[in-house]
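Chemist: Before we start, here is the structure in question, set down as structure tokens.
The values are calculated or read from the model by the stated rules, or taken from the named source; none is laboratory data. Keep in mind that this is a model prediction, so the values were computed, not measured. Using ideal geometry, Cβ is built from the backbone for each residue, glycine included, and neighbour counts are taken over all protein chains shown. Keep in mind that these areas ignore ligands, DNA and RNA; they rest on the heavy atoms of the full protein, side chains included. Shrake-Rupley method; radii C 1.70, N 1.55, O 1.52, S 1.80 Å.
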Amino acid sequence: MSASPIIPYEELNTGKKEQVRNMFNTIAPRYDFMNRLLTLRIDVKWRRKAVGLVKQNAPQYILDVATGTGDFAIEMAHILSPEKIIGIDIADGMLELGRKKIHNKGLDSLIEMQEADSENLPFGDNSFDLAGSSFGVRNFEDLEKGLGEMLRVLKPGGRILILEASDPKNMPLKGLYTAYMRRICPAIAGVFSENRAYDYLNRSVAAFPTGSEFTAILQKVGFTEASCIPLTLGVASIYIAKKPSIGK
């Protein structure tokens, strides 16, 4: 990882958390559209695959961290049929759009959206069967603290499920991928949204630990059985790990 945190607006003297909040509030109206456009809707398939991997565990109480506009929470509602999902995010603009989406899908009684800080979760210990995050953890100001909070609120034996973008080191056509992420994506984003935000997102992907680096961090904060499943030639990855059972 980079020695200094990757932040959206390097000219500002505010912390990463505040900058990320402001950035996502700014791009919120175009966020879903841009995701579908820039990934050619592959992000939808990635979420579906990730959620399917924990279906056998039948989690009933689920926390979706950095929920954004609620796509991951909605996918979990459809596939897992849990009793309750709580989605949290620091960007109220994203949450407001998520609430509208959830209402339109008739999921108000199942999914609750709250403004909260991923590194200071307002929930008690051992509260959830599953803690998930889709393209959110690389925006944490303190990665280990955020993952530690997800561990804390999980019940013993509960699982963490993370879907995150990756910087594939050895994929075929690496040069084309790099050009697409660093030049084409920000250029397209600039037509419809704030291109500097997407420049930040691309820089944050390049700096984020992936594969065995990230599973090692999961193990460091206290998870066990950490595994990584690369997607689409490694441009995204699914991470699953377990909170140790009592006495383990």
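Chemist: Rounded to the nearest 20 debye, what is the charge dipole size of the range 33-153 about its Cα centre when +1 sits on each Lys and Arg Cβ and -1 on each Asp and Glu Cβ?
Modeler: 840
Chemist: Please list, in chain and number order, the residues 5+ apart from G158 or on another chain whose amide H is under 5 Å from its amide H, with Hs placed from the backbone.
Modeler: K243
Chemist: Can you list the aspartates and glutamates whose alpha carbon sits under 18 Å from that of K243, skipping same-chain ones fewer than 8 residues off?
Modeler: Hits, sequence-local ones excluded: D64, E119, D125, D129, E144, E149, E225.
Chemist: Compute the accessible area per residue over the range 1-140, keeping the other protein chains in place, probe 1.4 Å, unit Å².
Modeler: On the way: 6320 Å² over 140 residues.
With the other protein chains kept in place, the range 1-140 gives 45 Å² per residue.
Chemist: At a 1.4 Å probe radius, carbon and sulfur cover how many percent of the accessible area of the chain? Working shown, then result.
Modeler: Details: 5990 of 11250 Å².
Ligands and nucleic acids excluded, carbon and sulfur give 53 percent.
Chemist: Note down, for the range 27-131, the three equivalent ellipsoid semi-axes (square root of 5 times each alpha carbon gyration tensor eigenvalue), biggest first, whole angstrom. All intermediate terms of the calculation are to be shown ahead of the outcome.
Modeler: Values: eigenvalues 85, 61, 32 Å².
Listed largest to smallest, the semi-axes of the range 27-131 are 21, 18, 13 Å.
Chemist: Looking at the chain, what % of its DSSP beta bridges pair antiparallel, to the nearest 5? Can you show the working numbers first?
Modeler: Working: 13 of 32 bridges.
The answer is about 40 percent antiparallel.
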